[in-house]
Amino acid sequence: MSNPQVVVHRDGDLLAAAAAGRLVTRMVDAQAARGYASVVLTGGRTGTAVLEHLNRNAARDAVDWSRVDLYWGDERFLPSGHPDRNETQARAALLDHVPVDPSRVHVMEPSDGKFGDDPEAAAEAYAALLASVARPEDHGDVPAFDVCMLGVGEEGHVASVFPDSPAVHEKERTVVAVRNCPKPPPTRVSLTLASVRSAQEVWLMTTGEAKAASVAMALSGAGEVQLPAAGATGRRRTLWLLDTAAASAVPALFKPPLA
């Protein structure tokens with residue numbers, strides 16, 4: 001488990017642009033080291049903005065997109081192509097504009113997919129997929145993703161793991177169905193915290209004063225049941241990417257210069 005690092009940007013747009021640049025570098029480095037890169041995408045305003053900036057980044061084509069494996073940290077259990085699905089937003093922001101290998105874009109099944117309106121079956125299928133691509137050196141049933149990007153909610157949720165929910169108490173499964181979610185839509189599919197922690201690097205990206213208290217609590221040692229973001233840590237690196245508002249209550253120990 002890595003100690004958290006904090007980088008603060010002046011505003012959300014600069015944060016997204018900088019994160020896009022970081023992601024290009026990380027993917028290129030991974031491909032140079034072993035031939036491919038693996039990334040867990042996140043939805044929401046910041047996650048989508050990162051992909052939009054990456055699409056516009058002059059270094060975008062330094063990545064061999066045919067050798068990138070893409071996953072999602074969570075997905076809204078909605079019909080295929082629904083505008084609120086993270087997959088739909090990611091395709092519009094980036095994936096429709098780069099030569100990804102469709103077989104390496106690992107989406108979570110929609111509510112009108114092969115399992116119909118059964119999020120538990122969709123979660124089990126995604127868990128089986130992750131297990132099928134995990135290598136012995138990953139030491140588990142989930143790949144050691146190069147980067148897992150996450151947003152952070154006002155109450156401290158990450159992916160669709162909410163405080164004191166069944167998902168945050170889950171110790172065995174790598175992917176779960178989430179019902180009665182406190183934010184719409186109520187049904188989702190999500191990686192568990194154990195799966196998040198398989199990543200080499202976890203990037204927690206969030207903006208706005210409404211997130212400041214949760215960010216400060218996570219960096220101050222809050223428990224993951226109370227604040228799931230506190231349990232989202234990478235094997236080698238845990239990186240918090242914040243704007244000045246979200247960082248306004250960050251403990252002095254983590255106060256960095258403005259990037």
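Rule-based calculations on the coordinates, nothing more; no lab input. No experiment lies behind these values; they were computed from the predicted model shown. FYI the Cβ positions are ideal-geometry reconstructions off the backbone, even for glycines, and counts take in every protein chain you see.
According to the Kirkwood relation over distinct C-alpha pairs, the hydrodynamic radius of region 168-259 is 14.3 Å.
For the chain, the membrane-span-like helices by this rule, meaning whole DSSP H stretches whose C-alpha atoms cover at least 15 Å of axis and whose Kyte-Doolittle mean is -0.5 or above, are 12-34, 119-133; this says nothing about an actual membrane.
Considering helices alone, the calculated mean residue ellipticity of the chain at 222 nm is -8500 deg cm²/dmol, with DSSP H runs of length four and up weighted by -39500 (n - 2.57) and normalised per residue.
Counting only the Cα atoms, region 139-178 fills a convex hull of 82 Å³ per residue. Expressed to the nearest 5 percent, the antiparallel share of DSSP beta bridges inside the chain is 25 percent. Taking all Cα pairs closer than 8 Å and separated by 6 or more residues, the relative contact order of the chain comes to 25 percent.
Equivalent-ellipsoid semi-axes for region 1-115 (Cα gyration tensor, √(5λ), whole Å, largest first): 23, 18, 14. Counting other Cβ atoms within 10 Å, which trypsin sites (Lys or Arg not before Pro) in region 70-148 have at most 15 and lie in a DSSP loop? Taking region 70-148 and a limit of 15 other Cβ atoms within 10 Å, the loop trypsin sites (Lys or Arg not before Pro) found are Lys114.
Separation of region 178-194 and region 225-259, taken as the distance between their Cα centroids, equals 23 angstrom.
For region 123-210, the list of trypsin sites (Lys or Arg not before Pro) that fall in a loop by DSSP and count at most 16 other C-beta atoms within 10 angstrom reads Lys171, Arg173, Arg179. Per the Debye formula on identical point scatterers at the alpha carbon atoms of region 105-259, with no solvent, log10 I(q)/I(0) at q = 0.16, 0.18 Å⁻¹ is -0.90, -1.09. Convex hull volume of the Cα atoms of the chain, normalised per residue: 115 Å³. For region 67-168, the spherically averaged projection of the C-alpha convex hull amounts to 7.6 nm².
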